[in-house]
Amino acid sequence: MLTDYHTHTPLCHHAEGFPVEYARHAQSIGLAEIGFSDHNPMPQFFDDWRMSIKELPRYFELVDEARAALPDFPIRLALECDYLEGQEAWLEETVGLADWDYLIGSVHYIHDGFAIDDPQHLSRWKSASDVEHMWSVYWLLYAKMVRTGLCDFYAHPDLAKKFGFRPEGDLKRYYEPVIQAFADAKAVMEVSTAGLKKEVREIYPTREMLEMAFSAGVPIVINSDAHAPGDVGSDFDQALKLVRSVGYTKTVRFEKRQRHEVPLPETWPLK
């Protein structure tokens with residue numbers, strides 16, 4: 001069975017529903033496990049879409065409440081950790097804040113205060129050179145993040161396409177260094193259905209990048225990036241069809257930052 005390891009809670013200020021509701025939905029649709037991975041707190045205020053460091057104990061409580069309500073259903077504890085160049089020391093410190101089951105790495109910010117998935121910054125992309133610059137910086141940071149080895153898998157790889165902006169020409173020039181970083185670090189890539197609900201209307205990553213990942217032996221895990229209980233497992237049928245058509249037959253599971261491979265189901269939902 002599949003899992004969903006990328007989900008959020010109201011502590012991030014842009015999600016709804018509590019972990020117990022997410023977990024009950026995951027169990028009801030036949031998932032084997034669920035994991036909670038709200039945005040990592042920062043030592044000082046950083047933005048409006050993450051818990052504060054003082055709220056971290058409440059996060060643990062919410063996950064514990066879900067575990068108590070569903071004692072026979074595996075519920076994993078995690079964070080989605082923003083990679084910010086120059087702040088790797090805080091990420092290293094975050095690793096020791098709890099007994100995590102896994103940590104997710106992601107890139108949202110490419111400059112101070114400039115998150116590429118934030119619609120308030122759309123005006124920055126006025127020309128082909130603007131898009132080229134944004135993609136160049138994003139993918140450079142993504143490769144650096146993967147090479148740190150600080151996280152257990154890496155989220156929505158081509159988030160830079162969220163609003164449909166792509167540079168001209170063969171995009172392999174962006175993908176290749178990142179695929180090499182995944183291969184060198186023996187890291188896991190997320191296949192995220194979240195993009196299907198965004199302007200781009202595509203799974204992250206694009207099929208071309210996924211084919212390159214498969215050829216390089218990069219493991220994958222399918223997630224939804226759920227921000228409401230009903231999002232859990234959303235469009236997993238499409239994701240499973242995609243990864244199987246590329247050649248993948250296995251996925252991974254995590255517990256206490258140890259991963260192991262398991263077979264992908266033949267179909268989804270299970271019959």
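The values are calculated or read from the model by the stated rules, or taken from the named source; none is laboratory data. This is a predicted model, so every value here is computed, not measured. We place every Cβ from the backbone using ideal geometry, glycine too, and count neighbours over all the protein chains shown.
Structure above, values below:
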{"read-out": "Filtered residue count, segment 214-232, keeping only those that are at negative phi and either among the hydroxyl-bearing types (Ser, Thr, Tyr) or not in a helix (DSSP H, G or I) (or both)", "value": "13"}
{"read-out": "Tally, over segment 162-186, of residues that are under 15 Å from the mean Cα position of the chain (by Cα) and either of a type in the set (Lys, Arg) or surrounded by fewer than 21 Cβ atoms within 10 Å (Cβ to Cβ) (or both)", "value": "1"}
{"read-out": "ASP112 of a type in the set (Asp, Glu), out of contact with any helix residue (DSSP H, G or I) (no Cβ under 7 Å at 6 or more places or on another chain), farther than 22 Å from GLU16 by Cβ and modelled with pLDDT of 95 or more", "value": "no"}
{"read-out": "Out of LEU62, LEU91, LEU70, LEU97, sole residue that is under 27 Å from MET189 (Cβ atoms) and either surrounded by 16 or more Cβ atoms within 10 Å (Cβ to Cβ) or of a type in the set (Val, Ile, Thr) (or both)", "value": "LEU91"}
{"read-out": "Any hit, segment 116-124, residues being among the basic types (Lys, Arg), more than 22 Å from PRO10 (Cβ to Cβ) and free of Cβ contacts under 8 Å to residues at least 40 places away in the same chain", "value": "yes"}
{"read-out": "Within segment 211-233, considering residues that are under 15 Å from ALA32 (Cα atoms) and polar (S, T, N, Q), the one surrounded by the fewest Cβ atoms within 10 Å (Cβ to Cβ)", "value": "SER224"}
{"read-out": "Residue selected from segment 118-136 under the condition within 15 Å of ARG166 (Cβ to Cβ) and surrounded by 15 or more Cβ atoms within 10 Å (Cβ to Cβ), by the criterion modelled with the lowest pLDDT", "value": "TRP125"}
{"read-out": "When residues of segment 237-271 are limited to those that are over 16 Å from MET189 (Cα atoms) and among the hydrophobic types (A, V, I, L, M, F, W, C), the one farthest from the chain's Cα centre (by Cα)", "value": "LEU270"}
{"read-out": "Conditions (1) in contact with a helix residue (DSSP H, G or I) (Cβ under 7 Å, 6 or more places away or on another chain); (2) closer than 15 Å to ASP225 by Cβ; (3) crowded, with 18+ Cβ neighbours inside 10 Å: number failed by GLY35", "value": "(1)"}
{"read-out": "Qualifying residue in segment 206-214 (condition: closer than 23 Å to PHE165 by Cβ and small (Gly, Ala, Ser))", "value": "yes"}
{"read-out": "Given (1) of a type outside the set (Asp, Glu); (2) in contact with a Lys or Arg (Cβ under 9 Å, 6 or more places away or on another chain); (3) more than 28 Å from ASP112 (Cβ to Cβ), number of the condition MET42 does not satisfy", "value": "(3)"}
{"read-out": "Residue ranges of strands (runs of 3 or more DSSP E) in segment 88-205 with at least 2 members more than 20 Å from ASP225 (Cα to Cα) and among the small types (Gly, Ala, Ser)", "value": "none"}
{"read-out": "Out of ASP4, ASP38, sole residue that is of a type outside the set (A, V, I, L, M), in contact (Cβ under 8 Å) with a residue 24 or more places away in the chain and in contact with a Cys (Cβ under 6 Å, 6 or more places away or on another chain)", "value": "ASP38"}
{"read-out": "Segment 55-87, residues that are hydrophobic (A, V, I, L, M, F, W, C) and outside any helix (DSSP H, G or I)", "value": "LEU70, PHE73, ILE75, LEU77, ALA78, LEU79, CYS81, LEU84"}
{"read-out": "Residue within segment 8-28 that is crowded, with 21+ Cβ neighbours inside 10 Å, part of a strand (DSSP E or B) and out of contact with any Phe, Trp or Tyr (no Cβ under 6 Å at 6 or more places or on another chain) present", "value": "no"}
{"read-out": "Selected residue (only one of VAL131, VAL146, VAL137 is farther than 29 Å from GLY35 by Cβ and touching a strand residue (DSSP E or B) at 6+ places or on another chain (Cβ under 8 Å))", "value": "VAL137"}
